Amino acid sequence: MLARTKVGHRSGDIPELWPRLNTGPGDCAGLSWAMMAPVAKVIIRPAVPGDAGGIARVCAEGWRDTYQHIYRPEEIETVISDYYTPERITAEIIAPEGWDGWIVAVESGKVIGAGGGGMTDPGVGEIFVLYLDPTRRGEGLGSLLLDAITERQRGQGAREQWVSVEPENEKGLPFYLARGFQVLGNRPAWGTRPEEGRMSLRLMRRLAPLP
């Protein structure tokens, strides 16, 4: 749903099935183990090197589907070839640097979603990347991945969480707004120069501390 802006690593294990977060506007709190029926067989877990090809596929398909009306085809393919190759993703799985690493949604051994985030300052978390197989949208997979990223950041003391989304992104922007994020500003879009005039919205939501 968005392109990475920065990456990083923090310690901490992610259980294979993460609790869902019941969130209200601007706040993220209240754990439950309820899971939506359409994703009952999906496992959310840290990526392993064998997931790299699946992550690359999901991110490439997600980028093409999300940005086909925003960027030129050659720009899209350049981003994919620069950032979403199995080789690069394998290296990021083995040795994440500057973020918490990849988290995947897996069904019957197939990667159907991937994302990741990290801490940018004490108490401040960021969502760097979150994509789904375009044919699996609307099943709650994005929420499960976001919940997993959020729980790791809360465990590291995050009290607020940020994400950059382009205003033309008709898939990503409603997703985050529906989960309590609020638009607080903008900045030049990831991978662009200020003189190009392309902007990303900066969204933030508050996170409640862990009990």
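The values are calculated or read from the model by the stated rules, or taken from the named source; none is laboratory data. What you are looking at is a predicted structure, and each value in this text was computed from that prediction instead of being measured. Every residue, glycine as well, gets a Cβ built from its backbone with ideal geometry; the counts of neighbours run over all protein chains shown.
Consider Pro174 carefully, then state whether it is part of a loop (DSSP other than H, G, I, E, B) and surrounded by fewer than 16 Cβ atoms within 10 Å (Cβ to Cβ). Please lay out each step first, then the result.
Details: part of a loop (DSSP other than H, G, I, E, B): no; surrounded by fewer than 16 Cβ atoms within 10 Å (Cβ to Cβ): yes.
No; evaluated as a whole, the condition is false for this residue.
For segment 102-111, a residue qualifies if it is buried (at least 22 other Cβ atoms within 10 Å of the Cβ) and touching a residue at least 60 places away in the same chain (Cβ under 8 Å), and the qualifying residues are Ile103, Val104, Ala105, Val111.
Look at segment 182-211: where a residue is without any contact (Cβ under 8 Å) to a residue 12 or more places away in the chain and a partner is surrounded by 13 or more Cβ atoms within 10 Å (Cβ to Cβ), sitting 6+ places away or on another chain with Cβ atoms under 6 Å, you get Thr192/Arg198; Pro194/Pro188. For the residues Arg205, Arg187, the requirement of being under 15 Å from the mean Cα position of the chain (by Cα) and either part of a loop (DSSP other than H, G, I, E, B) or at pLDDT 85 or above (or both) singles out Arg205. Screening Ala208 against (1) surrounded by 17 or more Cβ atoms within 10 Å (Cβ to Cβ); (2) hydrophobic (A, V, I, L, M, F, W, C); (3) in contact with an Asp or Glu (Cβ under 7 Å, 6 or more places away or on another chain) leaves a single unmet condition, (1). Residue-level analysis places Ser143 outside the set of residues that are at pLDDT 95 or above, surrounded by 19 or more Cβ atoms within 10 Å (Cβ to Cβ), out of contact with any helix residue (DSSP H, G or I) (no Cβ under 7 Å at 6 or more places or on another chain) and not acidic (Asp, Glu).
Every residue in segment 150-167 that is outside any helix (DSSP H, G or I), of a type in the set (D, E, K, R) and surrounded by 16 or more Cβ atoms within 10 Å (Cβ to Cβ), please. If the condition is that a residue be outside any helix (DSSP H, G or I), of a type in the set (D, E, K, R) and surrounded by 16 or more Cβ atoms within 10 Å (Cβ to Cβ), then Glu160, Glu166 are the ones that fit.
All conditions but one from (1) crowded, with 23+ Cβ neighbours inside 10 Å; (2) of a type in the set (A, V, I, L, M, F, W, C); (3) more than 18 Å from Asp65 (Cβ to Cβ) apply to Val124; the one that does not is (1).
Examine segment 119-127 for a residue that is modelled with pLDDT of 95 or more, on the phi > 0 side of the Ramachandran plot and in contact with a strand residue (DSSP E or B) (Cβ under 8 Å, 6 or more places away or on another chain), and state whether such a residue exists.
Let us first name the residues in segment 119-127 that are modelled with pLDDT of 95 or more, namely 119-127.
Now drop any that are not on the phi > 0 side of the Ramachandran plot, which leaves 123.
Restricting the remaining residues to those that are in contact with a strand residue (DSSP E or B) (Cβ under 8 Å, 6 or more places away or on another chain) gives 123.
Within segment 119-127, one or more residues are modelled with pLDDT of 95 or more, on the phi > 0 side of the Ramachandran plot and in contact with a strand residue (DSSP E or B) (Cβ under 8 Å, 6 or more places away or on another chain).
Every residue in segment 167-211 that is of a type in the set (A, V, I, L, M, F, W, C) and touching a Phe, Trp or Tyr at 6+ places or on another chain (Cβ under 8 Å), please.
Here is the first cut: in segment 167-211, the ones of a type in the set (A, V, I, L, M, F, W, C) are 173, 175, 177-178, 181, 183-184, 189-190, 199, 201, 203-204, 207-208, 210.
Leu203, Met204 - these are the residues of segment 167-211 that are of a type in the set (A, V, I, L, M, F, W, C) and touching a Phe, Trp or Tyr at 6+ places or on another chain (Cβ under 8 Å).
Within segment 120-131, the set of residues being in contact with a Lys or Arg (Cβ under 9 Å, 6 or more places away or on another chain) and more than 16 Å from Ser164 (Cβ to Cβ) comprises just one member, Gly123.
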